[in-house]
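One structure below.
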Amino acid sequence: MPDTWYDAVVVGAGFGGLATALELCRRGARVALCEGLNYPGGCASTFRRGGYGFESGATLFSGFDAHQLFGRWIREHSLDVTVDWVDPLVEMRAPGLRLPVHRDRARLIDAFCSMPGAPVEALRRFFELQARAANALWPLFDDPDLLPPLSVTSLLRHAGRAWTYAPLTRWLGRPLGAVLKHHGLQHFTPLRIYLDALCQITVQCSAEEAEAPFAFAAMDYYWRGTGHVRGGIGRLATALAKAIQARSGDVLMANRVRALTPVDGGWRVTARRGELLARHVVANVLPQDLRSLLGVPVGRLPRVDALAERVAGGWGAAMLYLVVRAPEGDSGSACHLELVRDPGSAFIEGNHLFASVSGAADEGRARPGQRTVTVSTHVPLKKLAALSPEEQAPYFTELHARMREGLEAMAPEWMGHVVHAMTGSPRTFQRFTLRDGGAVGGVPRRAGLDNYRLLGPFQAQRGLWLVGDSVFPGQSTLATAVGGVRTAASIAVAR
């Protein structure tokens, strides 16, 4: 191809796009990464407003152990990133329940077993099954070569560890709720609260609905290299963008892509600052956004349409972005709170809150003695789509008030001295992340074998690839990055 052509243009600098671009550069490809915003990270970004730095979404991030993807990148690319190993990782609060989740998995199990009326033997059997399942699945994240596209070597490695997959086979296509019933734990309220909350923010549905193997893996999230990036997750995104540039990749910020057009030999990418030509395009966007970039109607790309429909059945987020004075006696550590007001109601729309609080060492996030707090709750996208703009305004006014009430009731130490507050709706989240409709979390993994139909890189058309949390493995910053690495491997084979 002429020198004006790229091997690949990556659209969107979320972690799926960053990973794809970095891995392609590592493999010697000529790459351009286009991002519509002036900062990278997508849904896992750190944005600035009014002199403060906020995490776009309230969450924790995994994959930072030395052998895991982010840990390896920090070392191999000398990334200017510091990870704080906070402990506890998160504190769960609900009526009658205050449960710190420490870095030691055994402490959580012991905490459940010491609760009044706890079915100790059933709990230990359940967590033993979960550990065996998680130990079978997490190596797929730690070593992306075990994910599709599979080489002969990878297939032989899978054959050698086939026995580890045995605990999963019984539960394929079945919900975590069925596993709880099998162990007689369906009525043990503390565990149900914990699992419903955890599944809602990872698998994107309740424990009763969640596909069991996905839920088993999600339950190990806190113990798989999970930490706090000092200064905000945007520091990692920025460092990865610099690593791409250091490997001769072109990183074009504030260069929103407007159209993708097939041409002889590849694709024309029409962006704010001109056109680029590429043999391959990798779109780190939602499937409905990809359809818009292609300018094709519903029905032209059935696989993309089906994926878009599944995303539309998921969630947006209502947000509170707060600046608070640190409470008396504060340790200065970053912290995360998961709050449930009514365990008998759905864990959405203000009843369930996840709050991420910056640490004293997060320079540039707030003034000395202050912390920034990002608080989120899920809202159903289909419900929002049925509301007119006139109906949405009072809906969010009431919802944000409910979120404030929940924080004041369940995390009063952080609400005593609020010095700045900003509300956010899915429309706000879309503005900060460029996510269509403000959708978060990808596809809800409700029980069913359909979850296993697409287990590898997603090629929408020849030379056009989709990455992100709506395609496998998706649904966490680490998972989207792993998906990007495997997509780059597919492109390298195609080249």
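The values are calculated or read from the model by the stated rules, or taken from the named source; none is laboratory data. Given the structure is predicted, the values throughout are model-derived calculations rather than measurements. Note that we place each Cβ from the backbone using ideal geometry, even for glycine, and neighbour counts take in every protein chain shown. Surface areas here come from the heavy atoms of the whole protein model, side chains and all, with no ligands, DNA or RNA. Shrake-Rupley method; radii C 1.70, N 1.55, O 1.52, S 1.80 Å.
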_Along its three principal axes, how long is the chain when you only count alpha carbons? Whole Å, largest extent first please._
71, 55, 47
*asked:* Can you give the FRET efficiency to the nearest 0.05 for residue 273 and residue 386, using r as the Cβ-Cβ distance and R₀ = 45 Å?
replied: 0.75
_Integer Hz, Karplus 6.51/-1.76/1.60 couplings in order for segment 140-147, x for Gly and Pro_ = 5, 7, 6, 10, x, 5, 7, 9
*asked:* Taking a ≥ b ≥ c as the square roots of the Cα gyration tensor eigenvalues, with a/c under 1.5 meaning rounded and otherwise prolate when a/b beats b/c, else oblate, which class fits segment 243-284?
replied: oblate
_Please compute the contact order of segment 1-84 in relative form: average sequence separation of alpha-carbon pairs under 8 Å and at least six residues apart, divided by the residue count, as a percent._
19
*With the convex hull built on the Cα atoms of segment 258-330, state its orientation-averaged projected area in nm².*
9.0
*asked:* Out of the trypsin sites (Lys or Arg not before Pro) in segment 36-122, which ones are loop residues according to DSSP with at most 15 other C-beta atoms within 10 Å?
replied: 103
*Along segment 201-207, what does the Karplus equation 6.51 cos²θ - 1.76 cosθ + 1.60 (θ = phi - 60°) give for ³J(HN,Hα), rounded to whole Hz, x for Gly and Pro?*
9, 10, 7, 6, 6, 6, 4
_Per residue, in Å², the accessible surface of the chain once ligands and nucleic acids are set aside, probe 1.4 Å_ = 40
*asked:* Antiparallel versus total DSSP beta bridges in segment 25-168: what percent is that, nearest 5?
replied: 100
*asked:* Taking the Cα centre as origin and putting +1 on Lys and Arg beta-carbons and -1 on Asp and Glu beta-carbons, what dipole magnitude results for segment 147-218, to the nearest 20 debye?
replied: 300
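Pairwise over distinct Cα atoms, reciprocal of the mean inverse distance: report the Kirkwood radius of segment 201-347 in Å, one decimal place. Present the calculation step by step, with values, prior to reporting the outcome.
Working: mean 1/r = 0.0494 Å⁻¹.
That comes to 20.3 Å for segment 201-347.
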_Between segment 403-436 and segment 47-111, what is the separation of their alpha carbon centroids in Å?_
20
*Over the chain, what is the percentage of antiparallel beta bridges among all DSSP beta bridges, to the nearest 5?*
75
*segment 379-483: trypsin sites (Lys or Arg not before Pro) in DSSP coil with no more than 13 other Cβ atoms inside 10 Å*: 453, 462
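Pull out a ≥ b ≥ c, the square roots of the eigenvalues of the alpha-carbon gyration tensor of segment 273-389, then state rounded if a/c is under 1.5, prolate if not and a/b is larger than b/c, and oblate in the remaining case.
Since a/c reaches 1.5 but b/c is at least a/b, the shape of segment 273-389 is classed as oblate.
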*asked:* Defining a contact as two alpha carbons under 8 Å apart and six or more residues distant in sequence, what relative contact order in percent does the chain show?
replied: 26
*Got a sec to turn the phi values of segment 88-102 into Karplus ³J(HN,Hα) couplings, 6.51 cos²θ - 1.76 cosθ + 1.60 with θ = phi - 60°, whole Hz, x for Gly and Pro?*
x, 6, 8, 10, 8, 10, 8, x, x, 9, 9, 10, x, 9, 8
*asked:* Between residue 115 and residue 253, what's the calculated FRET efficiency when r is the beta-carbon distance and R0 is 41 Å? Round to 0.05.
replied: 0.25
*GluC sites (Glu not before Pro) within segment 252-352: DSSP coil, no more than 12 neighbouring Cβ in 10 Å*: 328
_All lysines inside 20 Å of residue 181 as judged from Cα atoms, apart from same-chain residues fewer than 8 positions distant_ = none
*Taking a quarter of the surface of the Cα convex hull of segment 159-241, what do you get in nm²?*
8.1
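Gain in length, residue 98 to residue 82, computed as 0.36 nm per residue apart minus the alpha-carbon separation, to one decimal in nm? Please list the in-between numbers first.
Details: separation 16, 0.36 × 16 = 5.76 nm, distance 2.94 nm.
Roughly 2.8 nm would be gained on extension.
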*Options 468, 492, 409, ranked by Cα towards positive dipole end of segment 381-495, top entry (Cβ charges)*: 492
*For segment 337-446, build the convex hull from the C-alpha positions and give me its volume per residue in Å³.*
138
*Just add up the charged neighbours of residue 316: K/R +1, D/E -1, any other residue whose Cβ is under 14 Å from the Cβ of residue 316.*
+2
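For segment 26-84, take the alpha-carbon Rg, divide it by the Kirkwood Rh, and send me Rg/Rh.
Looking at segment 26-84, the ratio lands at 1.02.
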*Can you give the net charge of the other residues whose Cβ lies under 10 Å from the Cβ of residue 352, counting K and R as +1 and D and E as -1?*
-3
*So how strong a dipole does the chain carry about its Cα centre when Lys and Arg Cβ are +1 and Asp and Glu Cβ are -1, to the nearest 20 debye?*
980
